[in-house]
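Each remark here refers to the structure printed beneath this line.
The values are calculated or read from the model by the stated rules, or taken from the named source; none is laboratory data. These numbers were taken from a predicted model, which means no experiment stands behind them. When we count neighbours, we look across all protein chains shown, and the Cβ atoms used for this are built from the backbone with ideal geometry, even at glycine. In case anyone asks, the SASA skips ligands and DNA or RNA and just uses the protein heavy atoms, side chains included. Shrake-Rupley method; radii C 1.70, N 1.55, O 1.52, S 1.80 Å.
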Amino acid sequence: MRNRFFRYGGGWPPNRRIALLAIGLTCLLALAAATAFFTGRGEEPSSPSGAPSPAPSSEPPTKDPPAGAGPVARPPRISDPVQFAKAAATMLWTYDTRTTSHDQQSAGMQAWMTKEGQYNDWASVSAQLPDPLLWSRMADQKQHAGATVAEAHYPAAFKQALAENPSEIAKAYIYAVTVTGKQTITWAKGGSGAEGRSITLAVQCRPSNDCSLVAIAPRVAP
């Protein structure tokens, strides 16, 4: 493995599209069509729309998986962007290779995505998932992680853009939310580690509909 444990849900690969900014500028400022921005236009991270409202065979047996471990949690049926972003960040920072296959993890994450293809940036979300080979190595180490969320808020740039163009939010109802928390990782033979985490998510919350995940920003928006 690259390190003693893999920071699943961590940094953005440098060659990925700047998806969150693309959607945010499209929805808030109406500068161009979403498809044009999805090609990778780099600008200051303002984010989408935010809204006011190998373990040896001789090793001792490990403990049973904790309650709730296994396949990815289902998205909550809520319409509040901040609360949904908290749940989505928890999902992204939580995994259990002892009980969940790579395909199950991927399918579970996809269930959180918006069904509106012009906004769905699965590439930015799937980039958080280790490749199948690395997932297998993590499973050999019985690696699993849990997460706690400390705080979530609309980034300042989003709130300013919304104040300047209040009607733009109604075009796609995409909100930017920055979430902070902590991820705790555990692996075979009692190994463990923890670190603070921050992420900026784009979530879509149309009126009278449950929220869904749109994208993950390449950088955290304050």
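Exactly one residue out of Ala172, Ala156 is among the small types (Gly, Ala, Ser) and out of contact with any Lys or Arg (no Cβ under 9 Å at 6 or more places or on another chain): that is Ala156.
Residues in the range 98-120 that are within 24 Å of Gln143 (Cβ to Cβ) and open to solvent by 10 Å² or more (accessible area, probe 1.4 Å): Arg98, Thr99, Ser101, His102, Asp103, Gln104, Ser106, Ala107, Gly108, Gln110, Ala111. Residues that are in contact with a Gly (Cβ under 9 Å, 6 or more places away or on another chain) and of a type in the set (A, V, I, L, M) were ranked within the range 170-202; the one that is farthest from Pro75 (Cα to Cα) is Ile185. Within the range 122-145, the residues that satisfy the criterion of being farther than 19 Å from Ile174 by Cα and either in contact with a Phe, Trp or Tyr (Cβ under 8 Å, 6 or more places away or on another chain) or among the basic types (Lys, Arg) (or both) are Ala127, Gln128, Leu129, Pro130, Leu134, Arg137, Met138, Gln141, Lys142, Gln143, His144, Ala145.
Here is the figure for the range 58-97: residues that are modelled with pLDDT of 95 or more and among the charged types (D, E, K, R) total 5.
Matching residues to (1) touching a Ser or Thr at 6+ places or on another chain (Cβ under 8 Å); (2) open to solvent by 10 Å² or more (accessible area, probe 1.4 Å); (3) β-branched (Val, Ile, Thr):
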{"site": "Tyr154", "(1), (2), (3)": "yes, yes, no"}
{"site": "Tyr175", "(1), (2), (3)": "yes, yes, no"}
{"site": "Thr180", "(1), (2), (3)": "yes, yes, yes"}
{"site": "Gly190", "(1), (2), (3)": "no, yes, no"}
{"site": "Val214", "(1), (2), (3)": "yes, no, yes"}
{"site": "Pro222", "(1), (2), (3)": "yes, yes, no"}
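Looking across the range 121-133, just one residue is more than 13 Å from the chain's Cα centre (by Cα) and surrounded by 16 or more Cβ atoms within 10 Å (Cβ to Cβ), and that is Pro130. For the residues Gln143, Gln204, the requirement of being farther than 26 Å from Asp80 by Cβ, modelled with pLDDT of 95 or more and surrounded by 17 or more Cβ atoms within 10 Å (Cβ to Cβ) singles out Gln143.
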